[in-house]
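What follows is calculated from the coordinates using simple rules that are stated; it is not laboratory data. Note that this is a predicted model, so its numbers are computed, not measured. All Cβ positions, even for glycine, are placed from backbone atoms using ideal geometry, and neighbour counts span all protein chains on display.
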Amino acid sequence: MNKVYKFLALAIAIFVPTLLFAQDKVEMADLLRSNGKIYAVVAVCLTILFGLFLYLFMLDRKIKKLEK
Amino acid sequence: MQKHWWKILSFLLLIYTFIAGFLGKVPELNILNESIRNLYFHVCMWFGMMILFIVSFIYSIKYLSSNNYKHDITASAFASIGTVFGVLGYATGVIWVSVTWVTDQGQSLASVLKEPKLIGAMIAILIYGAYFVLRGSFTDVDKRARVSAVYNVFAFAMLFPSIWIIPRLVGSLHPGSPGSDSGNPALDRNDMDGSMRAIFYPAVIGWTLLGVWIASLKIRSKKIEDKIILNNE
C-alpha cells in the first residue's frame, strides 16, 4: 500500500508541473480582476494622486500669496 | 485660470493614466504578465526626465548667451526635478527587474543589476548629481551660474550616450537593445500595441507636466528667497 502511495506521489510530482507548463494561457491577474479587488488598487493610487495634487495646489497658492 | 490650464491637464491625464493603466487591456505576454503596466509609470519617469533635462539644457544655453540670472534659476530647477524623475525611474526599474529579469535560472538581483542600461542610467544620474555638488560649492552667484551652466551643457552631452547609445552598442537585457527578446527599438509594434500607446503617450505628457509644475514652484520660491536676501542687505 505504501508503495502505491509513493508511486502516486512521484507521478504527481512529475506530471503536474508538465501539465502546468503545457498551458498556453499566459498567467494574468484574472482573480484580482474577477473579484473586483483591482478597483481597490485603482482607488488607492487615485487617492495618492489626489493627495499629491492637493498638496501641490496648496503650495502653489502659498507661493502666490508670498509673491504679492 | 487661463494660465493654469496645463496643471489641470496634467491632473486629468494622470487620472486617466491610473484608471486606464490599471483597468485597460494589455497584451498577455510571458514573463512580463501584468507588470507590463509599469510602462505607464516607469518609462514615463525616464521620458519626463529627458524632457526636463532638455529644458534645463536650453535655459543653460540661454543663460550663457544672455547672462540673465533668471535663466540660471530655471535651469537648476528643471535639472533638479529631472534628477528626481531619474532616481524614481531607476528605483522603479529595479523593482521591475526583480520580477522579470531575475528568473528561476539562478540569477541574483546583484548580477542582473550589472547591466549596461542600468549602469548607463546610473552614470547619467550621477553626472547630474555632480551638477548640484558643483552649484553648492560656489558662494559667488555669478560664478556659480556661469560654471554650472557650462557644466550642464557637458552633463546633457553625456545624457543620451550613456542612457541610449552605449547600451545599444554593447547589448543589454533592456528592451530597445540588441540581445533583448523584444527587438529594437523599444517602442516598436512588437513591444507595445495601439491600446497601450493610447495610454502611454498621454501618461508621458501628464507626468512631464507634473514635473514642470514642481519646477515652476521651485523657480517662484527661489525668486522670493532671492528678493528677501536682496532686501535685507
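Annotations for the structure displayed:
- Using alpha-carbon coordinates, inclination of helix B:116-136 to the longest axis of chain B, degrees: 10
- For segment B:23-33, the Karplus equation 6.51 cos²θ - 1.76 cosθ + 1.60, evaluated at θ = phi - 60°, returns couplings of 9, x, 7, 10, x, 8, 10, 5, 6, 5, 6 Hz by residue, with Gly and Pro reported as x.
- From least to most packed, judged by other beta carbons within 10 angstrom and beginning with the fewest, B:Phe22, B:Phe138 follow the order B:Phe138, B:Phe22.
- Rg followed by Dmax, in Å, when segment B:1-91 is reduced to its Cα trace: 17.2, 54
- For segment B:74-89, putting each phi into the Karplus relation 6.51 cos²θ - 1.76 cosθ + 1.60 with θ = phi - 60° gives couplings of 4, 4, 6, 5, 5, 5, 6, 6, x, 5, 4, 4, x, 5, 5, x Hz, in residue order, rounded to whole numbers and with x for Gly and Pro.
- Database remark: amide H of B:Phe138 closer than 5 angstrom to no amide H (H placed geometrically; neighbours at sequence offset of 5 or more, or on other chains; Pro and chain starts carry no H).
- Using alpha-carbon coordinates, inclination of helix B:194-232 to the longest axis of chain B, degrees: 20
- Relative to the longest principal axis of the Cα atoms of chain B, helix B:141-160 runs at roughly 20 degrees.
- For chain B, the fraction of C-alpha pairs farther apart than 27 angstrom is 41 percent.
- Available extension along the chain between B:Tyr69 and B:Ser111 is 10.6 nm, counting 0.36 nm per residue and deducting the alpha carbon span.
- Fraction of alpha-carbon pairs over 23 Å apart in the protein assembly as shown - percent: 65
- Alpha-carbon radius of gyration plus Dmax, which is the widest Cα pair, for segment B:73-153 in Å: 16.8, 56
- Taking other Cβ atoms within 10 Å as a rough exposure proxy, B:Met45, A:Met28 sort from fewest to most as A:Met28, B:Met45.
- Among B:Ser162, B:Ser66, B:Ser195, residue whose mean-square fluctuation peaks in a GNM of chain B (springs only between Cα atoms under 10 Å): B:Ser66
- A simple spin-label model places the labels of A:Tyr39 and B:Ile224 4.1 nm from each other, with each point 7 Å out along Cα-to-Cβ.
- Listed pairs B:Lys25/B:Lys117; A:Lys64/B:Lys62; A:Lys64/B:Lys227; A:Lys65/B:Lys62; B:Lys3/B:Lys143; B:Lys143/B:Lys222 exceeding 22 Å between Cα atoms: B:Lys25/B:Lys117; A:Lys64/B:Lys62; A:Lys65/B:Lys62; B:Lys3/B:Lys143
- Estimated FRET transfer efficiency when R0 is 25 angstrom, pair A:Leu46-B:Ser35 (beta carbons, to 0.05): 0.80
- Karplus-derived 3J(HN,Hα), 6.51/-1.76/1.60, for each residue of segment A:52-68, Hz, glycine and proline x: 5, 5, 4, 4, 4, 4, 5, 4, 4, 5, 4, 5, 4, 4, 5, 5, 7
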